[in-house]
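The values are calculated or read from the model by the stated rules, or taken from the named source; none is laboratory data. From a predicted model like this one, the values you see are computed outputs, not experimental measurements. Methodologically, a virtual Cβ is constructed for each residue, glycine included, from the backbone with ideal geometry; neighbour enumeration extends over all protein chains shown.
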Amino acid sequence: MAIELHQDSRFQEVVPPLSPKEAMEEANRCYYCYDAPCIKACPTGIDIPVFIRQIATGDLEASARTILDANILGATCARICPTEALCEGGCVRNEDSRPVSIGRLQRVATDHARTANVPDLPPLPVRGRGRVSVVGAGPAGLGAAAVLCRMGYHVDIYDEKDEGGGLDTFGIVSYREPIAVSLWEVSLVKKMGATFHFGVRIGRDLEWTQLRSQSDAVIVAVGLGRVPRLEIPGEDLPGVWDALDLVEATKTQPLDDISLGKRVVVVGAGNTAVDAATCANRLGAEEVTVLYRRGQDAMPAYQYEYVFAKQDGVIYRWWTVPVEILGHGRVEALRCLRTRAAEGKETDRRATLEVIPDSEFIMPVDAVIRAIGQEKPLNLWEAIGAQTQNNRVVVDPETFETSVRGVYAIGDCLAKPGEATVVGAVADGKQAAWAIHRQLAKVV
């Protein structure tokens, strides 16, 4: 699968980098707190005051090392982390003006590392021996592999895609994070000594029992699957898209080969729905509408994502559910009903809904994009023999070990709906890596 490094202006990064002058001024706004709440708010524990002080003193290389030492995907997180809910939300400068732009400063340092070929991270002082297999080359898998490699473990990473990075490479739109950023982070883990096996699906190309027998520990970091079907008539018509397939197409195909038509509807109102809607806009759609069965206050997307979509001209229709896709040979229209909360508060996503009588209407559309979450890898847990509960694998909260000894699960496959983040996945990987080291050190 070829990766398209787009030069098309429609898919260029929308948030510009800070200039050297802006970065210096912003870094000098930091109070460099001793007991910094921003560090506590970062799932990977980056020493934020230190890396910002290093920027203020002009040492971008040291700043990048501080970041990458704690979070090997620091360049990705600088761009897509919900910083207002994490580090910047904890910044003490919220009390007197506005938070320090931690994410944009982190981007300054990591962009420098990417372009200046900053030397590799050193080994960790704690050393271990053994072979660990990681299933999934996305954020969680890379986070775990980086720590294990730095401890001296032999790490094999398996992924069914032809490139690493997982969600960062294939599922995040290029105008939020250029593919070159994600692939650079994969290269960092390669340089640490991890061996990547691309195009390999466990259970198809390599049996699970063989993988387990050749490994001292196995980390399952497969993320989530495809967008679920709407389960309505007409869903198999040409012109119906999985939102993640659309985003991936914009990164692996020439943009002119992707045709959505002029009127596009996105079903769902989470962050992926925003990506799909803004992709459709950039691909030439004249009218992009997001349908959500609940109201705006129950919307899963972050507020800044919603604002971004509105700035792009995306229309939102709340309290609307599609019931049939219409068309002869391809999508032509969408039959919808209006909804309302039957019980509970309108802001509660668990509130029971009911259809409003005589509320049916038809929308002429050229494409329908599903963006209603992602499927969980239940078949995988069954094959492994791991215990599940409420459609989610059960793990030890401290070690991430499943009910199968020596098998660990991390990342988005554990996250509750709306709670999956790249930085959270990296943090899972780090925690599992240390747990594996403690366990294997006992064996040795």
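Here's the yes/no breakdown for (1) in a loop (DSSP other than H, G, I, E, B); (2) of a type in the set (Lys, Arg); (3) surrounded by fewer than 16 Cβ atoms within 10 Å (Cβ to Cβ); (4) at positive phi:
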{"site": "Ala301", "(1), (2), (3), (4)": "yes, no, no, no"}
{"site": "Ile325", "(1), (2), (3), (4)": "no, no, no, no"}
{"site": "Arg330", "(1), (2), (3), (4)": "yes, yes, yes, no"}
{"site": "Leu337", "(1), (2), (3), (4)": "no, no, no, no"}
{"site": "Val368", "(1), (2), (3), (4)": "no, no, no, no"}
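Within the stretch 131-138, none of the residues are free of Cβ contacts under 8 Å to residues at least 60 places away in the same chain and surrounded by fewer than 24 Cβ atoms within 10 Å (Cβ to Cβ). The residues of the stretch 168-200 that are touching a residue at least 12 places away in the same chain (Cβ under 8 Å), surrounded by fewer than 21 Cβ atoms within 10 Å (Cβ to Cβ) and either in the same structural domain as Gln106 (by TED's automatic domain parsing) or of a type in the set (S, T, N, Q) (or both) amount to a single one, Thr195. Of the helices (runs of 4 or more DSSP H) lying entirely inside the stretch 63-128, those carrying at least 2 residues that are among the aliphatic types (A, V, I, L, M) and assigned by TED's automatic domain parsing to the domain that holds Ile46 are 74-80, 102-116. Taking the conditions (1) touching a Lys or Arg at 6+ places or on another chain (Cβ under 9 Å); (2) part of a loop (DSSP other than H, G, I, E, B); (3) crowded, with 24+ Cβ neighbours inside 10 Å in turn, Gly165 satisfies each one other than (1).
Scanning the stretch 210-261 for residues that are hydroxyl-bearing (Ser, Thr, Tyr), within 23 Å of Thr278 (Cβ to Cβ) and assigned to a loop (DSSP other than H, G, I, E, B) turns up just one, Ser259.
From the list Arg93, Arg53, Arg114, Arg107, the one residue that fits, being touching a helix residue (DSSP H, G or I) at 6+ places or on another chain (Cβ under 8 Å), in contact (Cβ under 8 Å) with a residue 60 or more places away in the chain, over 25 Å from Gln431 (Cα atoms) and not aliphatic (A, V, I, L, M), is Arg114.
For the stretch 405-444, what are the residues that are farther than 21 Å from Tyr302 by Cα, basic (Lys, Arg) and not in a helix (DSSP H, G or I)? Result: Arg405, single match.
Residues that are assigned to a loop (DSSP other than H, G, I, E, B), β-branched (Val, Ile, Thr) and modelled with pLDDT under 95 do not occur anywhere in the stretch 188-200. If only residues of the stretch 201-220 that are in contact with a helix residue (DSSP H, G or I) (Cβ under 8 Å, 6 or more places away or on another chain) and among the aliphatic types (A, V, I, L, M) are counted, the one that is surrounded by the fewest Cβ atoms within 10 Å (Cβ to Cβ) is Ile202. Can you confirm whether Val264 is outside any helix (DSSP H, G or I) and either under 24 Å from the mean Cα position of the chain (by Cα) or closer than 27 Å to Leu224 by Cα (or both)? Answer is yes for this residue.
Filtering Val247, Val267, Val274 for residues that are touching a Lys or Arg at 6+ places or on another chain (Cβ under 6 Å), touching a residue at least 24 places away in the same chain (Cβ under 8 Å), outside the structural domain of Gly138 (by TED's automatic domain parsing) and among the β-branched types (Val, Ile, Thr) leaves a single hit, Val267. Scanning the stretch 416-436 for residues that are under 29 Å from Asp348 (Cα atoms) and either charged (D, E, K, R) or without any contact (Cβ under 8 Å) to a residue 40 or more places away in the chain (or both) turns up Lys416, Glu419, Asp428.
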